[in-house]
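The structure appears below as structure tokens.
The values are calculated or read from the model by the stated rules, or taken from the named source; none is laboratory data. This structure is a prediction, so every number in the text was calculated from the model and none was measured. Cβ: placed from backbone, ideal geometry, glycine included. Neighbour counts: every protein chain shown.
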Amino acid sequence: MANPPNPGFILVELAGEHPGQLRVLDSAANLLADGGAQVHAWAPAGRVACFEPGTVGAGMLIASMTEPSRISPLVRQSLLPYLKAQMPSHSVPKILQINGLPAAGLPELLDIPTVASVPRSPKGLRNALMVIQGSATNPAQMDKYRDIILPMMKERGSFYEAFALAEGEVVALSGEWKEQIFAISRWPTRASAEDFWFAERYQGSAIPLRIGAGKFTVHVVDEV
């Protein structure tokens, strides 16, 4: 029996903040939910944290579907026409379809924090999702960087739900995608993500390893 496909993720990114952005995202979330998507988080730009210096504020929505083949028709037929009708005429919504990790995680790669190696956080906590986008220019340095951050993530109960590196794992359904790397990590709370990011080991040891080795944006949004 063939294994089911990996879940697909949907990222909606609305650059800047315009009047009514929360209403637009609320309605977009309802459209996706009505189409069978699981909506994980949405928030206007003012409620989305920008961790990495240089990250531009944006309203964001994150959803997923167990059948990735249904994402493109849902976005093109329902979500995109709605967003174009609601947004300023000069704005182009960025909508990406991303290959997620298997629902069971990566049991053959337990060093990588996924649901196979990190227990899900107890119910009742409001999880946060960290969205990382960017490109690496020095893969060897980035490997050293990951050697530091992966254990730090595990210590804080965080794991990846999407980590797309291969060509074709990220598709722009609206707007542009010119990066190499896309990742979504789940954190028990926003405070745990902040504890990771501002930890002395991360700021003093990890960040220096990737300075000049890549360029990334990092947004954090609370789960609904």
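Pick from Arg126, Arg186, Arg201, Arg190: which is under 29 Å from Pro68 (Cβ atoms), of a type in the set (D, E, K, R) and surrounded by fewer than 18 Cβ atoms within 10 Å (Cβ to Cβ)?
Arg126
Give the residue, chosen from Val220, Val131, Val224, that is β-branched (Val, Ile, Thr), assigned to a loop (DSSP other than H, G, I, E, B) and in contact (Cβ under 8 Å) with a residue 40 or more places away in the chain.
Being β-branched (Val, Ile, Thr), assigned to a loop (DSSP other than H, G, I, E, B) and in contact (Cβ under 8 Å) with a residue 40 or more places away in the chain holds for just one of Val220, Val131, Val224, which is Val224.
Scan the stretch 27-47 and report the pairs whose first residue is under 14 Å from Thr66 (Cα atoms) and whose second residue is among the charged types (D, E, K, R), with Cβ atoms within less than 6 Å and a gap of 6+ or a chain change.
His40/Glu223
Starting from residues that are buried (at least 16 other Cβ atoms within 10 Å of the Cβ) and in contact with a Pro (Cβ under 7 Å, 6 or more places away or on another chain), keep the ones in the stretch 98-121 and report whichever is modelled with the lowest pLDDT.
Filtering the stretch 98-121 for residues that are buried (at least 16 other Cβ atoms within 10 Å of the Cβ) and in contact with a Pro (Cβ under 7 Å, 6 or more places away or on another chain), the one modelled with the lowest pLDDT comes out as Ser121.
Which of (1) closer than 23 Å to Lys178 by Cα; (2) assigned to a loop (DSSP other than H, G, I, E, B); (3) small (Gly, Ala, Ser); (4) over 20 Å from the mean Cα position of the chain (by Cα) does Gly54 not meet, given it meets every other one?
Going through the list (1) closer than 23 Å to Lys178 by Cα; (2) assigned to a loop (DSSP other than H, G, I, E, B); (3) small (Gly, Ala, Ser); (4) over 20 Å from the mean Cα position of the chain (by Cα), Gly54 breaks only (4).
For the stretch 45-59, which residues satisfy the criterion of being within 17 Å of Arg190 (Cα to Cα) and among the aliphatic types (A, V, I, L, M)?
Selection gives Ala45, Val48, Ala49.
Applying the selection to the stretch 48-94, what residues are over 21 Å from Glu161 (Cα atoms), at pLDDT 95 or above and among the polar types (S, T, N, Q)?
Thr55, Gln77, Ser78 - these are the residues of the stretch 48-94 that are over 21 Å from Glu161 (Cα atoms), at pLDDT 95 or above and among the polar types (S, T, N, Q).
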